[in-house]
Amino acid sequence: MLKVHSHRPVPPNDPNKQNENRPRGTDPDPQFNWRGLLLLAVAFALIGGAFIFRGGNLAQAEELGYPKFSTLLTEGKIVSTSERPLELVVEEGRNTQTISGYYRKMVTVPPATEPEEHLVAFKTPVFMPLNGESLQKELAAAGITPAVRSESNLLATTLIGFLPILLFLVLLYFIFRSQIKMAGRGAFNFGKSKARMMARDKNRITFKDVAGVEEAKEEVSELVDFLKDPKKFQKLGGRIPKGVLMVGPPGTGKTLLARAIAGEADVPFFSISGSDFVEMFVGVGASRVRDMFEQGKKSAPCLIFIDEIDAVGRHRGHGMGGGHDEREQTLNALLVEMDGFDTQDGVIIIAATNRPDVLDPALLRPGRFDRQVTVNLPDVRGREEILKVHSKKVKVADSVDLGVIARGTPGYSGAELANVINEAALLAARKGLKAITNRELEEARDKVRWGKERRSMAISEKEKEVTAYHEAGHALLLELLEHTAPLHKVTIIPRGPSLGSTMWLPEEDKYNTRRKELLDHLVVIMGGRVAEDIVFGDVTSGARGDIKQATGIARKMVCQWGMSDKLGMIEYGEGDEHLFLARDFSRMRDYSESTAQAIDAEVKSLIDEAYARATELLSKSRATLDLIAKALLEWETLEGSQIRDLIEHGEMKNPPHRDPPPPPIPDADTPASAEGKRPDDGHLPGDLSPVPA
């Protein structure tokens, strides 16, 4: 809940101040309800009294059947004295009456060993229409005149009938009283904004904590200047942007940059997610939008940050159903508020999304979100700066060169680099080290991108051999071909979802990929399947990931990048990676059926040519292929330099260090053999997709 602080001094024990500090929608500390406990005790006492009152003194009496009572009466064992008379209890309105009294019974009471005669209380129900006349005759024959006593149990019957219902209602009231209060309070606050305000003293993040996005920081620095000194811009007639939209891949630091702007400007920072506006009731989201802007005006100058705005700002009119849903009502309210928002109030709207293609065009026009700030993946210098920022929070050895790690992490986002530092710290702590070394950083980098090694996975020797030749085929072609990235590491140890991996790292950041590089890349992808076919005369299902990757690259070369001689520089299809509701489902294909057949034929031609080249190269280098595969079977993991030694010299000048064998797995009854079921091994996990210029 957003609060406007008053300048009136409030005593420390002021209950109003305590309620103000309490978040909206929460109750104060619950206190013990003595009134409710007393009411429950009275209810239970009334029910118990009703049962006792109904039973009277007969509650502990022995209940005898009428035949046994008749026998005792005939035998003269029924007692009838002035002190203990035989009573006939008459209940009004009932045909069954009750005879109560005492009879003589031989009972052995410890410590006595012989039975003695005692008087025992009894009661006997008598159905008067059937046994009334015989009862009178038997009593007259025994010379006993019963004492008649009338009894009315109307009160007890009423209490017993209604008290359980009353008790149930009382319990419901006390159980759900807090929920009823919450519901009542929520009904009045349902349309209030859920924006959370970060106070100035709590927001310690500044531009020093944000690295790798220097251009984006420069672009938003004037927002800080405006918030610090608005009159500087107003004197010249300049108008600060009403809204700034940050666009970029996930993990690049859009939210962190927005918090840094608020920290630098030393102004209140309101944060809300796009999904917080949308509710199941129509109109609630629009009400929250209006309330958010009202609270922002009260705290001006300030920043309002809307994260994942695509949740509420999606394109209107392209849904599967009607257009009058809650999301569109919320978007309409947001458009109206931003259009009528006065920039002189000192409130700036910042939004972030990684799907700008789905946003409504009305939201992006000048006057609403005037400026789009692109937050891209960091380059090599940006990655080094990000690593330095995150390494300040952990202990790093003096021998660690973060520049080497930055060059070895192309395509990593800021969040992934932070995860690399954290994983390295966990690995060092697990090994009992005092600081993080290069070895932990290398292992953490591979773990973040390609998954953790699964050394405990039981694989048959035959499956290991197939995996070794599969990876050897990839690695050998990476070194033989000219237009490929340098080989980084080859392993047949299961890592993540794969049984083996061939990894490469480019020497520098790449933003475009040439046609020759893509063709050689297709040949490298085919290397695993070709090696299996050459050596074993059969193929496995382990090339599923290779086939998927090769098909995607070949189709993009033909349809998007204009690298087909037959089809030319024409884009076939818009090439959207994500479908956007009915807009993409209803889109018609913009080329003929014959062109589609030509596209399929050209894609198949590229893959067939790559397969033929891979077969030719590996057949000529069969001896080297066998040498690399045997080395992998012996050492399991080889670096790129060791593979190059095998190709050039036939032996490794610097063989790998042998790690101790992993501990045995407890309770492993049967080995988890993966033979014949090789999953998508994710060979060649680097991303060579070119970025359009």
message: Among the residues of the stretch 75-96, are any part of a helix (DSSP H, G or I), modelled with pLDDT of 80 or more and either surrounded by fewer than 12 Cβ atoms within 10 Å (Cβ to Cβ) or of a type in the set (Ser, Thr, Tyr) (or both)?
response: yes
- request: Please work out which one of (1) within 20 Å of LYS217 (Cα to Cα); (2) among the aliphatic types (A, V, I, L, M); (3) modelled with pLDDT under 75 is the condition ILE304 fails and give its number.
  value: (3)
field: Pair list, Cβ under 9 Å, 6 or more apart: the stretch 611-624 residue closer than 14 Å to VAL535 by Cβ and touching a residue at least 40 places away in the same chain (Cβ under 8 Å), other residue open to solvent by 60 Å² or more (accessible area, probe 1.4 Å) and among the acidic types (Asp, Glu)
entry: THR615/ASP533
- line: For the stretch 287-302, pairs from a residue that is under 16 Å from ILE350 (Cα atoms) to a residue that is of a type in the set (D, E, K, R) and surrounded by fewer than 16 Cβ atoms within 10 Å (Cβ to Cβ), with Cβ under 7 Å and 6 or more apart or across chains, are LYS297/ASP345; ALA300/ASP345
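Results for (1) under 30 Å from SER594 (Cβ atoms); (2) part of a loop (DSSP other than H, G, I, E, B), shown as yes or no for each residue.
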position: THR484; (1), (2): no, yes
position: LYS510; (1), (2): no, yes
position: GLY542; (1), (2): no, no
position: LYS548; (1), (2): yes, no
position: GLY552; (1), (2): yes, no
position: MET557; (1), (2): yes, no
- request: Scan the stretch 218-244 and report the pairs whose first residue is surrounded by 13 or more Cβ atoms within 10 Å (Cβ to Cβ) and whose second residue is charged (D, E, K, R) and not in a helix (DSSP H, G or I), with Cβ atoms within less than 7 Å and a gap of 6+ or a chain change.
  value: PRO241/ASP370; PRO241/ARG371; LYS242/ARG368; LYS242/ASP370; GLY243/ARG368; GLY243/ASP370; VAL244/ARG371
- request: Scan the stretch 284-319 for residues that are open to solvent by 10 Å² or more (accessible area, probe 1.4 Å), small (Gly, Ala, Ser) and under 25 Å from the mean Cα position of the chain (by Cα) and jot them down.
  value: ALA311
message: Among the numbered criteria (1) over 27 Å from the mean Cα position of the chain (by Cα); (2) charged (D, E, K, R); (3) open to solvent by 20 Å² or more (accessible area, probe 1.4 Å), which one does ARG383 miss?
response: (3)
- request: For residues that are over 14 Å from ASP509 (Cα atoms) and either part of a loop (DSSP other than H, G, I, E, B) or without any contact (Cβ under 8 Å) to a residue 12 or more places away in the chain (or both), tally how many sit in the stretch 360-391.
  value: 8
- line: Residues in the stretch 392-417 that are assigned to a helix (DSSP H, G or I), at pLDDT below 90 and open to solvent by less than 30 Å² (accessible area, probe 1.4 Å) total 5
query: In the stretch 437-452, is there at least one residue being assigned to a helix (DSSP H, G or I), open to solvent by 10 Å² or more (accessible area, probe 1.4 Å) and touching a Gly at 6+ places or on another chain (Cβ under 7 Å)?
result: yes
field: Options LEU135, LEU139, LEU163, LEU119: the member that is over 24 Å from GLU83 (Cβ atoms) and either aliphatic (A, V, I, L, M) or at pLDDT 75 or above (or both)
entry: LEU163
- prompt: How many residues does the stretch 560-595 hold that are modelled with pLDDT of 85 or more and either in a loop (DSSP other than H, G, I, E, B) or surrounded by 13 or more Cβ atoms within 10 Å (Cβ to Cβ) (or both)?
  reply: 15
message: Just to check your reading of the model, which residue among PHE270, PHE233, PHE293 is in contact with a helix residue (DSSP H, G or I) (Cβ under 7 Å, 6 or more places away or on another chain), aromatic (Phe, Trp, Tyr) and at pLDDT below 80?
response: PHE233
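Let's see how each residue does on (1) open to solvent by less than 30 Å² (accessible area, probe 1.4 Å); (2) in contact with a helix residue (DSSP H, G or I) (Cβ under 8 Å, 6 or more places away or on another chain); (3) among the polar types (S, T, N, Q):
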{"position": "LYS464", "(1), (2), (3)": "no, yes, no"}
{"position": "THR467", "(1), (2), (3)": "yes, yes, yes"}
{"position": "THR484", "(1), (2), (3)": "no, yes, yes"}
{"position": "LEU518", "(1), (2), (3)": "yes, yes, no"}
query: What are the residue pairs meeting all of these: first residue in the stretch 439-455, first residue touching a residue at least 12 places away in the same chain (Cβ under 8 Å), second residue part of a strand (DSSP E or B), Cβ atoms under 6 Å, and 6 or more apart or on different chains?
result: TRP450/ARG495; TRP450/SER501; GLY451/ARG495; GLU453/ARG495
- prompt: Out of (1) within 16 Å of ALA61 (Cβ to Cβ); (2) exposed (fewer than 15 other Cβ atoms within 10 Å of the Cβ), the odd one out for PRO115 is which?
  reply: (1)
message: I'm told ASN422 meets every condition in (1) within 22 Å of LYS208 (Cα to Cα); (2) part of a helix (DSSP H, G or I); (3) in contact with a helix residue (DSSP H, G or I) (Cβ under 7 Å, 6 or more places away or on another chain); (4) open to solvent by 30 Å² or more (accessible area, probe 1.4 Å) except one. Can you identify the failing condition by its number?
response: (3)
message: Among the residues of the stretch 245-264, what is the count of those that are in a helix (DSSP H, G or I) and crowded, with 21+ Cβ neighbours inside 10 Å?
response: 9
- request: Go through the stretch 459-501 residue by residue and tally those that are closer than 16 Å to LEU633 by Cβ and within 32 Å of the chain's Cα centre (by Cα).
  value: 5
- prompt: Of everything in the stretch 226-252 that's small (Gly, Ala, Ser) and out of contact with any Phe, Trp or Tyr (no Cβ under 8 Å at 6 or more places or on another chain), which residue is farthest from VAL373 (Cα to Cα)?
  reply: GLY237
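The values are calculated or read from the model by the stated rules, or taken from the named source; none is laboratory data. Here the structure is a predicted model, which is why all the values come from computation and not from measurement. Cβ atoms come from the backbone with ideal geometry, glycine included; neighbour counts cover every protein chain shown. For accessibility, only protein heavy atoms count, side chains too; no ligands or nucleic acids. Shrake-Rupley method; radii C 1.70, N 1.55, O 1.52, S 1.80 Å.
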